[in-house]
Amino acid sequence: MARILLEIVTPERLLVSEEVDIVTAPGVAGEFGVMAGHAPMVAGIKIGPLHYRVGDKEEWIALGGGFCEVTGKKVSFLVETAERAYEIDVERALRAKERAEKRLQEAQAKGDRMAEARARAALQRALTRIALAERVKSGHPR
């Protein structure tokens, strides 16, 4: 099977650079998959889980928002944050969830739409991280 080069880049690091069989990502217009030979495209990426497979090996990554560019031989994700499921600190993610829920309630009470949007994004990042960590803990493939 032909493979495609997957790169996941954040402002802090290059998290992934490897040839993969398939990538599934959370696009702003809906989840999409990419394999070798995919038509070129650029897409917005929302907060959510990215999944990729190489042979029998599966990996899950929690993504912050960003962008994706696909060429015939490469798929690049330029995202705010990215963390492998098995690297997630669940206790930290639970604390982040609690903080985000509190900030969301405060923003809604004040009618502060900008603060509400930021709190919703923080809550979504925390929920994604928690869900992926639970996937690994439950014995599902990474």
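Numbers below:
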| item | result |
| --- | --- |
| Residue of GLY44, GLY30, GLY66 that the Gaussian network model of the chain assigns the largest fluctuation, springs spanning Cα pairs under 10 Å | GLY30 |
| Considering only the chain, percent of DSSP beta bridges that pair antiparallel, nearest 5 | 90 percent |
| Sequence-separation-based contact order of segment 26-142, relative, with Cα cut under 8 Å and 6+ spacing, percent | 25 percent |
| Which of ILE8, GLY55, THR128, positive extreme of dipole for the chain (C-beta unit charges) | THR128 |
| The chain - percent of accessible surface contributed by carbon and sulfur, probe 1.4 Å | 52 percent |
| Cα centre as origin, Lys/Arg/Asp/Glu Cβ charges: the chain dipole, Debye | 380 debye |
| Where the chain is the region considered: accessible area per residue in Å², 1.4 Å probe | 57 Å² |
| Over 25 Å (Cα to Cα) - which of LYS102/LYS137; LYS74/LYS137; LYS46/LYS102; LYS57/LYS137 fall in this group | LYS102/LYS137; LYS74/LYS137 |
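The values are calculated or read from the model by the stated rules, or taken from the named source; none is laboratory data. Note that the coordinates shown come from a computational prediction; the quantities given were computed from them, not determined experimentally. Because the Cβ atoms are built from the backbone with ideal geometry, glycine has one as well, and the counts that use them run over all protein chains shown. All accessible areas refer to the heavy atoms of the entire protein, side chains included, with ligands and DNA or RNA removed. Shrake-Rupley method; radii C 1.70, N 1.55, O 1.52, S 1.80 Å.
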